[in-house]
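> Following this message is one structure expressed as structure tokens.
The values are calculated or read from the model by the stated rules, or taken from the named source; none is laboratory data. Everything quoted here is computed from the prediction, not taken from an experiment. Don't worry about glycine lacking a Cβ; one is built from the backbone with ideal geometry, like all the others, and counts go over all protein chains shown.
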Amino acid sequence: MKTISHHSALIYVMVLIAASDRSISESELRAIGTLVKSLPVFRDFEEHRLVSVSQECAAILTEDDGLDAVLGLIKEALPEHLRETAYWLALEVALADSRVMLEEIRVLEMIRRTLGIERLASAALERAARARYQVA
């Protein structure tokens, strides 16, 4: 299996959750771009590579067992201290279009299990993400 960088792994997580409902919305694409441009974890990532890394992930997802392959690449590439960050990024993208579909919930759970994120930590991240998107 090939290896990817931690930057690519974080982008793969965002593309995976955006594509999980078979349709990547404009707001999800915008969220991915904004997160890559603004977060310290991407400080040394070359932004012009975002499209090619995203396309690389999408291509893998179309293969037989593509989902398992992407999850394996993500797990292998992410150091322990970035795994909660990856889950938070997935939540941010899932909530970007103000609706979380059942398929996105299923993929979030797969990401959580693959990365070994404890239920208490994932519940806290989920609550924080929901609070961030609350409207009056």
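> Can you tell me which residue in the range 11-50 is farthest from residue 104 (Cα to Cα), limited to those that are among the small types (Gly, Ala, Ser) and part of a helix (DSSP H, G or I)?
The extreme case among them is 38.
> Step by step: first the residues of the range 73-92, then only those that are charged (D, E, K, R) and either touching a strand residue (DSSP E or B) at 6+ places or on another chain (Cβ under 6 Å) or surrounded by 20 or more Cβ atoms within 10 Å (Cβ to Cβ) (or both), then the one that is farthest from residue 34 (Cα to Cα). Which residue is that?
Ranking the candidates gives 83 first.
> Still on this structure, I have one more. Which pairs have Cβ atoms under 8 Å, sit 6 or more apart or on different chains, and link a residue in the range 97-118 that is touching a residue at least 12 places away in the same chain (Cβ under 8 Å) and on the phi > 0 side of the Ramachandran plot to one that is in a loop (DSSP other than H, G, I, E, B) and surrounded by 11 or more Cβ atoms within 10 Å (Cβ to Cβ)?
Hits for this filter: 98/133.
> Going through the range 94-117 one residue at a time, which ones are part of a helix (DSSP H, G or I) and either modelled with pLDDT under 95 or among the basic types (Lys, Arg) (or both)?
94, 95, 102, 103, 104, 105, 106, 112, 113
> With buried (at least 17 other Cβ atoms within 10 Å of the Cβ), assigned to a helix (DSSP H, G or I), in contact with a His (Cβ under 8 Å, 6 or more places away or on another chain) and modelled with pLDDT of 95 or more as the only criterion, which of 70, 53 stands out?
53 is the lone residue from the list that is buried (at least 17 other Cβ atoms within 10 Å of the Cβ), assigned to a helix (DSSP H, G or I), in contact with a His (Cβ under 8 Å, 6 or more places away or on another chain) and modelled with pLDDT of 95 or more.
> Now for a different question. Could you figure out which of (1) within 25 Å of residue 76 (Cβ to Cβ); (2) surrounded by 12 or more Cβ atoms within 10 Å (Cβ to Cβ) isn't true of residue 116?
Unmet condition: (2).
> Taking residue 126 as the residue in question, decide whether it is part of a helix (DSSP H, G or I), charged (D, E, K, R) and farther than 19 Å from residue 38 by Cα. Explain how you work it out, then say what you get.
Working: part of a helix (DSSP H, G or I): yes; charged (D, E, K, R): yes; farther than 19 Å from residue 38 by Cα: yes.
Spelling it out, residue 126 is indeed part of a helix (DSSP H, G or I), charged (D, E, K, R) and farther than 19 Å from residue 38 by Cα.
> In the range 2-50, which residue that is free of Cβ contacts under 8 Å to residues at least 40 places away in the same chain and among the β-branched types (Val, Ile, Thr) is surrounded by the most Cβ atoms within 10 Å (Cβ to Cβ)?
Checked the range 2-50; the qualifying residue surrounded by the most Cβ atoms within 10 Å (Cβ to Cβ) is 36.
> Which of the residues that make up the range 51-84 are within 15 Å of residue 20 (Cα to Cα), of a type in the set (S, T, N, Q) and without any contact (Cβ under 8 Å) to a residue 40 or more places away in the chain?
55, 62
> In the range 1-10, which residues are at pLDDT 95 or above and not in a helix (DSSP H, G or I)?
Passing the criteria: 4, 5.
> Tell me which of these residue 120 doesn't satisfy, since it passes every other one: (1) in a loop (DSSP other than H, G, I, E, B); (2) more than 15 Å from residue 14 (Cβ to Cβ).
It is condition (1) that residue 120 fails.
> Right, next: Against the condition modelled with pLDDT of 95 or more and either farther than 25 Å from residue 103 by Cβ or in contact with a Ser or Thr (Cβ under 6 Å, 6 or more places away or on another chain) (or both), how does residue 39 come out, does it pass?
yes
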